[in-house]
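Here's the structure we're looking at; comments come further down.
Every number here is computed from the coordinates shown, using simple stated rules; none is lab data. Owing to the predicted nature of the structure, the values given are computational and were not obtained by experimental measurement. Backbone-built Cβ (ideal geometry, glycine too); neighbour counts: all protein chains shown.
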Amino acid sequence: MKSLPVLLCALVSVASVQAQSYPKGPINLVIPYAPGDATDHAARPMADELSRLLKVPVLVINRAGAGGALGVESAAKASKDGYTILITNNGTLVFRRILDPATAPFDPERDFVPLGLTTRMPTVLALRANLPYKSFAELVQFAKANPGRVRFGTAGAGTLGDFTVVQVNALTGAGITPVPFKGASPALTDLLGGHIEGVAVALGVVSSHVKSGALKAIAISSRFPEFADVPTLAELGHGQNLYGFWLGFFAPAGVPAEVVNVLVPAIESVARNPGVAARLLPRGLVQEYGSPETLAKELREDYRAIQAVAKKAGFVK
């Protein structure tokens with residue numbers, strides 16, 4: 001009969017082998033938005049750091065369309081082996097499910113395992129700098145006096161940006177026309193090209209262009225140190241603020257516990273990494289770690305809160 005120390009050593013050895021059995025190859029990280037979107041900006045440095053920690057390539061896969069719904073749905077249907085994971089935001093997981101449920105045939109609580117919240121980013125209203133109106137008040141005044149002449153691009157119908165334009169119209173009566181694109185990056189391209197007047201997007205999408213002077217940020221969901229002169233709507237006297245974004249990692253429901261046990265601490269390490277944070281802050285992205293339980297709770301609470309707001313405002317029945 002083997003002695004207790006020998007048995008313990010054998011158990012430790014088996015556990016070590018099991019712990020090292022994942023990952024054995026590249027991991028696909030699905031980003032359900034176009035390259036250049038704020039979520040894409042955030043995901044790439046984190047993918048690099050995950051690759052370093054896990055010692056396998058973490059490959060960024062952009063699957064844009066339907067305001068993020070196509071990529072989220074594809075990740076939900078991926079193999080449940082841990083080699084396809086998802087990073088997405090509340091724009092798709094919360095707002096789209098409320099505002100355009102027919103195009104969001106997924107339930108995050110049913111279809112995914114939360115791995116961790118990593119990032120927050122404000123929503124911003126930004127204009128071309130060469131327009132005659134330079135502030136939120138001037139925008140509203142111009143839009144009211146010129147119906148149909150102010151168009152704001154968003155990342156898609158049913159997205160947080162789309163909700164933001166409707167929210168602004170409800171608060172001010174401005175009558176701004178939301179123009180949905182297949183992602184925030186195409187909306188930005190049209191804005192810079194002079195085809196629309198503004199965008200309602202995550203700050204990270206437009207931050208470099210605001211700094212360069214090509215765009216003018218006129219309102220933000222929460223004060224941000226890199227753009228300290230941009231006010232919130234509450235500060236401008238409108239009684240409520242815009243809603244901001246958060247980002248989180250998810251795996252398809254049904255992945256083995258072994259996979260979750262490897263990914264969760266790795267994602268926490270990435271979210272807390274000062275080097276990653278330093279790369280993201282100038283883009284309007286703040287690293288803030290939240291456990292899988294925190295992410296699940298925030299998802300549930302956001303859904304209930306936004307659904308109540310949307311019903312009260314008449315956005316949904």
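In segment 220-257, how many are touching an Asp or Glu at 6+ places or on another chain (Cβ under 9 Å) and either surrounded by 17 or more Cβ atoms within 10 Å (Cβ to Cβ) or under 15 Å from LEU203 (Cβ atoms) (or both)?
In the first step, residues of segment 220-257 are kept if they are touching an Asp or Glu at 6+ places or on another chain (Cβ under 9 Å); the result is 223, 241, 243, 246, 248, 250, 252-253, 255-256.
Checking which are either surrounded by 17 or more Cβ atoms within 10 Å (Cβ to Cβ) or under 15 Å from LEU203 (Cβ atoms) (or both) leaves us with 223, 241, 243, 246, 248, 250, 252, 255.
Final tally of qualifying residues: 8.
I'm checking my understanding of the structure. Among residues of segment 52-104 that are of a type in the set (S, T, N, Q) and touching a residue at least 60 places away in the same chain (Cβ under 8 Å), which one is nearest to VAL259 (Cα to Cα)?
Of all residues in segment 52-104, those of a type in the set (S, T, N, Q) come to 62, 74, 79, 84, 88-90, 92, 103.
Narrowing the set further to residues that are touching a residue at least 60 places away in the same chain (Cβ under 8 Å) leaves 79, 84, 88-90, 92.
On the way: SER79: 13, THR84: 11, THR88: 19, ASN89: 22, ASN90: 24, THR92: 25 Å.
Restricting to residues being of a type in the set (S, T, N, Q) and touching a residue at least 60 places away in the same chain (Cβ under 8 Å), the top hit is THR84.
Taking the residues in segment 282-317 that are among the polar types (S, T, N, Q) and part of a helix (DSSP H, G or I) as candidates, determine which candidate is surrounded by the most Cβ atoms within 10 Å (Cβ to Cβ).
Residues of segment 282-317 among the polar types (S, T, N, Q): 287, 291, 294, 307.
Subsequent filtering for residues that are part of a helix (DSSP H, G or I) retains 294, 307.
Details: THR294: 15, GLN307: 17.
That would be GLN307.
Would a scan of segment 150-168 turn up a residue that is within 17 Å of ALA38 (Cα to Cα), touching a Ser or Thr at 6+ places or on another chain (Cβ under 6 Å) and of a type in the set (D, E, K, R)?
Yes, some residue in segment 150-168 is within 17 Å of ALA38 (Cα to Cα), touching a Ser or Thr at 6+ places or on another chain (Cβ under 6 Å) and of a type in the set (D, E, K, R).
Scan segment 143-166 residue by residue and report those that are more than 17 Å from THR92 (Cα to Cα) and touching a residue at least 24 places away in the same chain (Cβ under 8 Å).
Initial filter on segment 143-166 (more than 17 Å from THR92 (Cα to Cα)): 143-152.
ALA143, LYS144, PRO147, GLY148, ARG149, VAL150, ARG151, PHE152, listed by residue number.
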